[in-house]
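Have a look at the structure below before the remarks.
The values are calculated or read from the model by the stated rules, or taken from the named source; none is laboratory data. Bear in mind the structure is a predicted one, so any value in this text is a computation, not a measurement. Here the Cβ positions follow ideal geometry from the backbone for every residue, glycine too, while neighbour counts run over all protein chains shown. For the accessible areas, the whole protein counts, side chains as well, though only heavy atoms, and no ligand, DNA or RNA atoms are used. Shrake-Rupley method; radii C 1.70, N 1.55, O 1.52, S 1.80 Å.
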Amino acid sequence: RTPNIDRVAKDGVTLTQHIAASPLCTPSRAAFLTGRYPIRSGMAAHSRVGVFLFSASSGGLPSEEITFSKLLKQRGYSTALIGKWHLGMNCESSNDFCHHPLNHGFDYFYGITVTNLRDCKLGQGSVFSKGIGKSIATSMEVIAITLVSLATVHLIGFLQIPFRALGYCLLITAISLVALLFFLYNYRYLNCFLMRNHQVIQQPLSYENLTQRLTKEAVQFIGRNTNAPFLLVLSYLHVHTALYASKKFIGKSKHGLYGDAVEEMDWSVGQILDVLEKSNLNSKTLVYFTSDHGAHLEEISSSGEVHGGYNGIYKGGKSTNWEGGIRVPGLLLWPGMIEAGTYIDEPTSNMDIFPTVIKLAGAELPSDRIIDGHDLMPLLQGKITQSKHEFLFHYCNAYLNAVRWHPRNSDSVWKVIFFTPNFNPEDSNGCYDSHVCFCSGRSVTHHDPPLLFDLSRDPEEKVPLTPETESHFYEILHVIQQAVDNHTKSLRAVPDQLSWDNLLWKPWLQVCCSSLFQSCYCDYESKEILPGMHFG
């Protein structure tokens, strides 16, 4: 039950074809803040892993990138990010904060710098268990076979190998394995912590009353700025796993813990809407509700309970560029400025928020770089009826995966897909054996010619079109290929922020509010029920 989110839709505009610029958290958030495809900022991985997993990684949103928070801050706006960041923190030391929200135009930060994972919450399992478990098992098999083979050829006299060398190999292997297991065991202490600005205030993160705390921070920020322009990005940890809900919401929905989490998030949305109304700010505040990607279908608890959500009629989910991975909520509310109860079935993007808020704030769009988003206000206010996005490019990490084409003066929305993830099991709707789908190698199947769909007739992407079923098949592919060529020419080489070197944990970048010898533990947050918060 989501009465407050429904209120945003009822009293505002619903974008029914709102597209995330990536089906993963990190690149999608980079695109949202900068209005640019993540490939332009180096926030699209060439490696297998497409998001940051450790607080002590050195990659992140480059300081050269211009976020809408930076530009609004320059225009005199108070700016705050409350909740999840997931765009890096440090570069060379544990306190340079080069990728931190405060270095990207936010005056105030209260939240987590990485993401919410099962490993952050006791009893919720591990997202690393499948991937790393298989890798460790394979590595141990290779090492064991190698050592046994070397010992055998030594014993039969075919090759003389010092036993000391074999001993060193075994020792190095054992130390590496122990270090890895120690790191994973202490993952929540090292990577799951709450910050206020540059200070760690709770390590590890406690989920107790967490949504109420985030909500209280957001309400207080609005209260401090009732007479001044402000920008608030409230980035919920809901409903990313590990799922959680406070005592007031546990067991109240009809859909298990996932439903409880959704209903608590909806409560928080209601708190924000109420404070805007009570402060007479709703008529001069644009509210935007979305998600950074589609539901994570592979997230199922050990007891079989769905923890990752549902994508309705749409195929696939998080980590894929099937519609289920990138078609997300797009709700905008602004009483008196945009007509209530409006539905717009035109391709739009989360990159569009950048130029929209920049123009509303009276700032100038950067002229030294390509901005891929378009101002939404003409579409929202009915001044135009067709999206300015004739083409949208869908990347799987750094690989161009699909292209959407909405021809002028046509109802068709063509989608070409160059490669598709290999679902496992094959007859499923996701990559359950690996927890997420990957973008290259044996994990995908390339198509020549590419798959073609008309989303206006087949939004479920059930039946690919062929030259026999679509008379303009090759013409459509030709137009899209020209668009791809033009888009590719506009790209510039930039440092890969998600390279293995930038992804790996670096001890010298580790933030610790006590010391490693004290397990990086501190808690400056009250564990009591927060005063002043009303539960409906």
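Here the simple spin-label model places points 7 Å from the Cα toward Cβ, and for residue 196 and residue 442 these points are separated by 5.1 nm.
Roughly what % antiparallel, to the nearest 5, for the DSSP beta bridges in the chain? Counting DSSP beta bridges with both partners in the chain, the antiparallel share is about 65 percent.
Straight-line cross-link partners of residue 84 among the aspartates and glutamates, defined as a Cα under 15 Å from its Cα and at least 8 positions apart when in the same chain: 217, 292. Cβ-Cβ distance of residue 515 and residue 165, R₀ of 30 Å, FRET efficiency by 1/(1 + (r/R0)^6): the value works out to about 0.20. Along the charge dipole of region 306-354, pointing to its positive end and built from +1/-1 on Cβ of Lys, Arg, Asp and Glu, which listed residue (316, 350, 332) has its Cα farthest out? The listed residue farthest towards the positive side: 316. For the pair residue 310 and residue 360, label points projected 7 Å from Cα toward Cβ lie 3.1 nm apart. Its alpha carbons give region 304-372 an Rg and a Dmax of 16.4, 51 Å.
Every helix of 4 or more DSSP H residues in the chain counts as -39500 (n - 2.57), and over all residues that averages to -9000 deg cm²/dmol at 222 nm. Checking Cβ-Cβ separations below 4.7 Å across the chain identifies 25, 169 as cysteines lacking any candidate disulfide partner. Note on region 276-321: the C-alpha convex hull projects to 5.7 nm² when averaged across all orientations. Ligands, DNA and RNA aside, residue 293 has an accessible area near 20 Å² when probed at 1.4 Å. Along the chain, counting only GluC sites (Glu not before Pro) with a DSSP assignment other than H, G, I, E or B and at most 15 other Cβ atoms inside a 10 Å radius, the longest segment between sites is 93-207.
Residue 436 contributes about 30 Å² of solvent-accessible surface, heavy atoms of the protein only, 1.4 Å probe. Once the other residues with Cβ under 14 Å from the Cβ of residue 191 are scored (Lys, Arg +1; Asp, Glu -1), what is the net sum? Charge balance near residue 191 sits at +4. Using a probe of 1.4 Å, the accessible surface attributed to residue 93 totals some 40 Å² when neighbouring protein chains are kept in position. The candidate values are (1) 64, 61, 55; (2) 86, 48, 44; (3) 87, 66, 49; the one derived from this structure for Cα extents along the principal axes in Å carries the label (3). When each of the peptides 281-292, 8-19, 110-121 is scored by how many other beta carbons lie within 10 Å of its residues on average, the order from highest to lowest is 110-121, 8-19, 281-292. State the percentage of accessible surface on the chain attributable to carbon and sulfur atoms; use a 1.4 Å probe and exclude ligands, DNA and RNA. Roughly 57 percent, rounded to a whole number. Charged neighbours of residue 410, selected by a Cβ distance under 11 Å, balance to -2 (K, R count +1; D, E count -1). Scalar couplings 3J(HN,Hα) for region 86-95, obtained by applying the Karplus form with A = 6.51, B = -1.76, C = 1.60 to θ = phi - 60°, are 6, 10, x, 9, 10, 10, 10, 9, 6, 9 Hz; x denotes Gly and Pro. Taking 51 Å as R0, compute the FRET efficiency from the Cβ-Cβ separation of residue 424 and residue 227 and round it to 0.05. So the FRET efficiency works out to roughly 0.35. Measure up 284/315; 70/415; 248/278; 388/462 against 30 Å on the Cα-Cα distance and list the ones that go over. The pairs that break the limit, which is 30 Å between Cα atoms, are 284/315; 70/415. Excluding ligands, DNA and RNA, the accessible surface per residue across the chain is 45 Å² with a 1.4 Å probe.
Computed from the C-beta positions of residue 155 and residue 254 and an R0 of 51 Å, the FRET efficiency is 0.15 to the nearest 0.05.
Among the DSSP helices (H) of the chain, those spanning at least 18 angstrom by Cα along their long axis with an average Kyte-Doolittle hydropathy of -0.5 or more are 128-155, 163-185, 210-224, 256-278, 473-489; this is a geometric and hydropathy rule only. The simple spin-label model puts a point 7 Å past each Cα toward its Cβ; for residue 290 and residue 478 those points are separated by 3.5 nm. When the trypsin sites (Lys or Arg not before Pro) in region 443-492 are filtered for DSSP coil states and for at most 12 other beta-carbon atoms within 10 Å of their beta-carbon, the remaining sites are 457, 462, 492.
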